[in-house]
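A.B. asks: Before I ask anything, here is the structure I am working with.
The values are calculated or read from the model by the stated rules, or taken from the named source; none is laboratory data. As the structure is a prediction and not an experimental result, all values here were calculated from the model. A quick note on method: Cβ atoms are made from the backbone with ideal geometry, for glycine too, and the neighbour counts reach across all protein chains shown. Remember, those area values only see protein heavy atoms, side chains included, never the ligands or the DNA or RNA. Shrake-Rupley method; radii C 1.70, N 1.55, O 1.52, S 1.80 Å.
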Amino acid sequence: MPPLPPTTFPILGLTGGIAAGKSFVAKRMVERGWALIDADALAREAVQPGGEGLAALVAAFGPSCLQPDGTLDRAWMATHVFADDGARACLNAILHPLIEALLVGRLEALPLGTRGAVLDAALWVERGRAHHFDAFWTVDAPEDLRLARLMARDALSREAALTRLRAQASAPERALHADLVIPNDGRDLTAILAGAEASLLSNWKVRRARTWRAPMPAPFTADQLREILTALLNRGGDYGEIFVERRRAHALGMDDGRMEDVLASETFGASLRLMDGETTRFADLIAPGFDELLEAAHTLAAPGTGGQADIPALSLMVHPTPSPVERDPGHVPLDEKVALVRRAEALARSHAETLRPGALKQVSAGYGDNTQRVWIAAAECMDGTWSGRLTEDHRTQVVLRVNATAGDGQQLQSGYQALGETRGFELFTDEAVTHTVHEAVRLAMQALDAQPAPAGTFPVVLSSSAGGTMIHEACGHGLEADLALAGMSAFAGKLGQKVAAEGVTIIDDGTLPHKRGSQAIDDEGNPVSRVVLIENGVLKAYLQSRKTSRKMATEPTGNGRRESYRHLPIPRMRNTFLAAGSEAPEAILRDLDRGLLVKHMGGGQVDTVTGNFVFQVTEGYWVENGEAKYPVKNATLSGCGPDVLKGLTRIGSDLHHFDIGTCGKDGQGVPVSDALPTILCPALVVGGTAEPLPSVI
C-alpha cells in the first residue's frame, strides 16, 4: 500500500471479522460527522464492466466468474476463493493494488474541513497495514452471534459460514493491533464511540508524527550512496547493498543493593554486500567516510567480469513504524534510569518481606536501552532492468530485568521476570514495574514450597502465560528458509502439505505494535509484514531473506535480519505465535484428569532437523481432576515439535502474553518475542526428580 496522503484531519483504520458489525460502527461514525471510505465499495468499483480489474479477473478465473449481464458474479467468486487459498491469493493480488489506489484518491479528494476519515476494510491486519493510521479500531462480537448473522445474511450453512470466519485473522489477533476493541454484542455504543473519538481528535497529530517520523539526517547523501552502489556493481553483479548503522546503548546493573555496572556505548559502521548469482561478497567498516566506502566498493567489485550497472537516482522511501516512541531513552537523564533500578530492587525487598520474612537472599536488577538508526541503499537487476531504493528506520528497545533468589536454609530458588518492548522510557509505569518485580519475587518464593516433578509421559497444558518458547524453538526455526533449503529442517520440502492438526495456524508478524521483534523495515530495506507459515495445519510459507527468496523464486517476507552492520542478513523470526482457537482456557484445564500445567517456560535446546526439543519449566503445577494440586520444580518437557503440532486437539482463545528474548543463530543475536494461547499437548515426556508415576500413554 502506498503511503497515505498528508491530511488536515485524522485517519481512522476500522476493521472487524465477517458479521462482527464494523459496517454498523462505520455508519455511527458517519452520523458523528466522519467521512467513510469503504473498501468493499471500492472493490465493487474496481471490477466494474469495462475496467482493468474485471478484465484481469476474467483472465485469471475464466468467464465462469461473470454473470449473464457481464458483471462479476460475487457469490461464485466468494465460494471459489474461500475454498482455495491460491485462488484467494490471486484475487487479492489483482484487486488490492486497485483498491488502494482508489482509496488514496478518495482521501485526497476530501475537503480540508473534514472532521475525520474512516477507512473501513476487513483485511487491514492480514495486509500488515494496521499501523498505517492515526488510530486503529476493531469491532468484535461473540462467534456464535457472528455465525448467526452470517448464516442469515448470506444464506450459508454453518460449515460454510465457519470457513469464511476462519479465513480471516482471529479476534484475539486483531485485538493485538487495536487501539480500541469495540464489543458489538447489542450494547449501546454511544459512550464508547464518543470517548474514543474525543481521545483521537485530541492526539492524532502527535501520534501521526511519531508513526510517520520525519527522515533523519543520514551520514551520506542519496547521490553519494548511488555513487558507491555504482562502484560496487561496476564489474557485474545483480544486487548491491549498503547498510549504515548508528547505535547507542546504555546498561545498568544492581546486585544486592550495589550499583555494579553503568555502561554506555556508541557505534557507527557500515557494510557492503554484492550478490552475483550464487556468489556473495561482503565487507564491513568501522566509522567509514565516503572515500573509504567507495574504495571498499571497488575492492569488492574487482573480481567481477560483467558490465556496469545503470542505477537510477535513489529517493527515500518512508515506512511507518508499528512502535511509536514517546520518551526516547537517549534523552532520559542517567539519574532517572538509576532511580528506576533502585526502585525495582527496593520493591523486591519489601514485597519479599510481605510474602515470607527473611527468605529473600539476593536481588539483581538490570536496565538496558538500545537506539539503532539504520539507512539501507540497494540496487537490484530484475529482467534486465535496474531499480534502486533508499530506506531508513529508527528502532528503540528498552528492558528491565529482575532476578530474585530466596532460601529456607536447605535450598535456594530463583524467580526471573523481564519487562521489555519496542517503546521508549514511558514503558516503565509504576503499575508495570510493580507487576514485573512482584512476579519475580512470587516465583522465587513459590519454588521453595514446590515438590519435585514426577517423571513420565503425560498430557501437558501450556498456559498462555508460558509464552511461545515451544513455537519459537521447536517449530519456528524449522520454518526459516535457509534451514529448509539446507535440508536442516523437519519442514523442508513440505510446502502445501499437512504438517499440523486442523486448526493449527502459526504466524510471524513484524507489524505488531511495540512487540520486541517489530520494526518498520527489515535489515534489507523491505517493509515488515505478516506471514502465515502454517494455516489450518497446512505449510504455507517459509520466512525469507532476499537471498533465500531468490533461490525459492518467491518474494522476501521482511525477515532478513542481522545483529549489526558487521553481519550478513539471514532469515530470522520476529514475533511468532500460534493463532488463537475458540475454546475457553479454563475448560481445557478442567478436562485434564492427570498431568502438568505449565505457566512459565525457561530455556532449552532443539534439533531443527528432527524437531526434537527439551525445555525447562520455571513454573508448573501437577494437576489432578482438573485442579492444580501443587507446584513442581526441576521439571523439563521433551518431545518432537512437528509431532506436537500434529497432536494438538484443543486450542484456547486467550492469546495475549508474549515472552521476550534475544534469539541466537549463526553467531548473531536479534530481539524477538513469541506467544501461544492455552493448548493441550496430549502426550509429552516430563522429566523430574520425583519417583516416576505411571504414564498416561
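A.B. asks: Across region 473-524, what is the total count of residues that are open to solvent by 10 Å² or more (accessible area, probe 1.4 Å), among the hydrophobic types (A, V, I, L, M, F, W, C) and assigned to a loop (DSSP other than H, G, I, E, B)?
C.D. replies: 6
For (1) in contact (Cβ under 8 Å) with a residue 40 or more places away in the chain; (2) among the aliphatic types (A, V, I, L, M), each residue gets a yes or a no:
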| site | (1), (2) |
| --- | --- |
| 325 | yes, yes |
| 333 | no, no |
| 341 | yes, yes |
| 344 | yes, yes |
| 366 | yes, no |
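A.B. asks: Please determine whether any residue of region 623-640 is within 25 Å of the chain's Cα centre (by Cα), within 18 Å of residue 679 (Cβ to Cβ) and surrounded by 18 or more Cβ atoms within 10 Å (Cβ to Cβ). Spell out how you get there, then give the answer.
C.D. replies: Of all residues in region 623-640, those within 25 Å of the chain's Cα centre (by Cα) come to 640.
Cutting the leftovers down to within 18 Å of residue 679 (Cβ to Cβ) gives us 640.
Filter again for surrounded by 18 or more Cβ atoms within 10 Å (Cβ to Cβ), leaving 640.
For region 623-640, residues within 25 Å of the chain's Cα centre (by Cα), within 18 Å of residue 679 (Cβ to Cβ) and surrounded by 18 or more Cβ atoms within 10 Å (Cβ to Cβ): present.
A.B. asks: Can you name the residue in region 525-534 that is of a type in the set (Val, Ile, Thr) and assigned to a strand (DSSP E or B) and is also most open to solvent (accessible area, probe 1.4 Å) among such residues? Don't jump to the end; show me each part of the working.
C.D. replies: First, pick out the residues of region 525-534 that are of a type in the set (Val, Ile, Thr): 528, 531-532, 534.
Right, trim to assigned to a strand (DSSP E or B) and you get 531-532, 534.
Numbers: 531: 11, 532: 35, 534: 0 Å².
If we take residues in region 525-534 being of a type in the set (Val, Ile, Thr) and assigned to a strand (DSSP E or B), then 532 is most open to solvent (accessible area, probe 1.4 Å).
A.B. asks: Of the residues that sit in region 17-49 and are open to solvent by less than 20 Å² (accessible area, probe 1.4 Å) and at pLDDT 95 or above, which one is farthest from residue 195 (Cα to Cα)?
C.D. replies: 37
A.B. asks: If the requirement is being outside any strand (DSSP E or B), in contact (Cβ under 8 Å) with a residue 40 or more places away in the chain, on the phi < 0 side of the Ramachandran plot and open to solvent by less than 60 Å² (accessible area, probe 1.4 Å), which of these qualifies: 218, 270, 251?
C.D. replies: Working: 270 fails: outside any strand (DSSP E or B); 251 fails: outside any strand (DSSP E or B).
Criteria check complete, one pass: 218.
A.B. asks: Report the residue count in region 1-60 for those that are hydrophobic (A, V, I, L, M, F, W, C) and without any contact (Cβ under 8 Å) to a residue 60 or more places away in the chain.
C.D. replies: Filtering region 1-60 for residues hydrophobic (A, V, I, L, M, F, W, C) gives 1, 4, 9, 11-12, 14, 18-20, 24-26, 29-30, 34-37, 39, 41-43, 46-47, 54-60.
When the remaining residues are screened for being without any contact (Cβ under 8 Å) to a residue 60 or more places away in the chain, the result is 41, 43, 46-47, 54-60.
So the count comes out to 11.
A.B. asks: Look at residue 34 and say whether it is aromatic (Phe, Trp, Tyr) and more than 28 Å from residue 535 (Cα to Cα).
C.D. replies: On the way: aromatic (Phe, Trp, Tyr): yes; more than 28 Å from residue 535 (Cα to Cα): yes.
Criteria met by residue 34.
A.B. asks: Something else: Scan region 273-300 residue by residue and report those that are acidic (Asp, Glu), in a strand (DSSP E or B) and out of contact with any Lys or Arg (no Cβ under 8 Å at 6 or more places or on another chain).
C.D. replies: To start, the set of residues in region 273-300 that are acidic (Asp, Glu) comprises 276, 278, 284, 291-292, 295.
This time we only want the ones that are in a strand (DSSP E or B), so: 276, 284.
Across region 273-300, the qualifying residue is only 276.
A.B. asks: Which condition number does residue 261 fail, the rest of (1) open to solvent by less than 40 Å² (accessible area, probe 1.4 Å); (2) at pLDDT below 95; (3) over 26 Å from the mean Cα position of the chain (by Cα) being met?
C.D. replies: (1)
A.B. asks: Hey, can you tell me all the residues within region 164-184 that are free of Cβ contacts under 8 Å to residues at least 60 places away in the same chain and touching a helix residue (DSSP H, G or I) at 6+ places or on another chain (Cβ under 7 Å)?
C.D. replies: If the condition is that a residue be free of Cβ contacts under 8 Å to residues at least 60 places away in the same chain and touching a helix residue (DSSP H, G or I) at 6+ places or on another chain (Cβ under 7 Å), then 180, 181 are the ones that fit.
Here is a yes/no grid of residues against (1) polar (S, T, N, Q); (2) at pLDDT below 95; (3) buried (at least 24 other Cβ atoms within 10 Å of the Cβ):
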residue	(1), (2), (3)
539	no, no, no
575	yes, no, yes
605	yes, yes, no
616	yes, yes, no
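A.B. asks: Hey, which of the strands (runs of 3 or more DSSP E) in region 569-665, taking only ones fully inside, have at least 3 residues that are charged (D, E, K, R)? Let's see the steps before the verdict.
C.D. replies: On the way: elements: 575-578, 594-606, 612-624, 627-633, 635-640, 659-665.
The strands (runs of 3 or more DSSP E) meeting that bar are 627-633.
Results for (1) open to solvent by 10 Å² or more (accessible area, probe 1.4 Å); (2) in contact with a helix residue (DSSP H, G or I) (Cβ under 8 Å, 6 or more places away or on another chain), shown as yes or no for each residue.
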site	(1), (2)
385	yes, no
391	no, no
398	no, yes
409	yes, no
413	yes, yes
416	yes, yes
422	no, no
425	yes, yes
443	yes, no
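A.B. asks: Of the conditions (1) within 17 Å of residue 398 (Cβ to Cβ); (2) aliphatic (A, V, I, L, M); (3) buried (at least 17 other Cβ atoms within 10 Å of the Cβ), residue 377 fails just one. Which one is it?
C.D. replies: Residue 377 satisfies every listed condition except (1).
A.B. asks: So, one more: Which one of these is farther than 25 Å from residue 162 by Cβ and loosely packed, with under 15 Cβ neighbours inside 10 Å: 83, 59, 117? Steps first, please.
C.D. replies: Working: 83 fails: farther than 25 Å from residue 162 by Cβ; 117 fails: loosely packed, with under 15 Cβ neighbours inside 10 Å.
Criteria check complete, one pass: 59.
A.B. asks: Here's something else I'd like to know. Tell me, please, whether a residue that is of a type outside the set (Asp, Glu) and more than 30 Å from residue 243 (Cβ to Cβ) can be found in region 314-333.
C.D. replies: Step one: filter region 314-333 for residues of a type outside the set (Asp, Glu), giving 314-325, 327, 329-333.
Pick out the ones that are also more than 30 Å from residue 243 (Cβ to Cβ) and you get 333.
Yes.
Matching residues to (1) closer than 30 Å to residue 188 by Cβ; (2) among the acidic types (Asp, Glu); (3) in contact with a helix residue (DSSP H, G or I) (Cβ under 9 Å, 6 or more places away or on another chain):
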site	(1), (2), (3)
14	yes, no, yes
33	yes, no, no
40	yes, yes, yes
45	no, yes, yes
55	no, no, no
91	no, no, yes
94	no, no, yes
98	no, no, yes
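A.B. asks: For residue 208, work out the one condition from (1) part of a helix (DSSP H, G or I); (2) in contact with a helix residue (DSSP H, G or I) (Cβ under 8 Å, 6 or more places away or on another chain); (3) farther than 30 Å from residue 305 by Cα; (4) not small (Gly, Ala, Ser) it doesn't fulfil.
C.D. replies: (2)
A.B. asks: For region 201-215, give me each residue that is in contact (Cβ under 8 Å) with a residue 24 or more places away in the chain and more than 25 Å from residue 519 (Cβ to Cβ).
C.D. replies: Passing the criteria: only 201.
A.B. asks: Of all the residues that make up region 222-248, how many are among the charged types (D, E, K, R) and part of a strand (DSSP E or B)?
C.D. replies: Keep residues of region 222-248 that are among the charged types (D, E, K, R), which gives 223, 226-227, 235, 238, 241, 245-248.
Filter once more, so that each one left must be part of a strand (DSSP E or B): 241, 245-248.
Qualifying residue count, region 222-248: 5.
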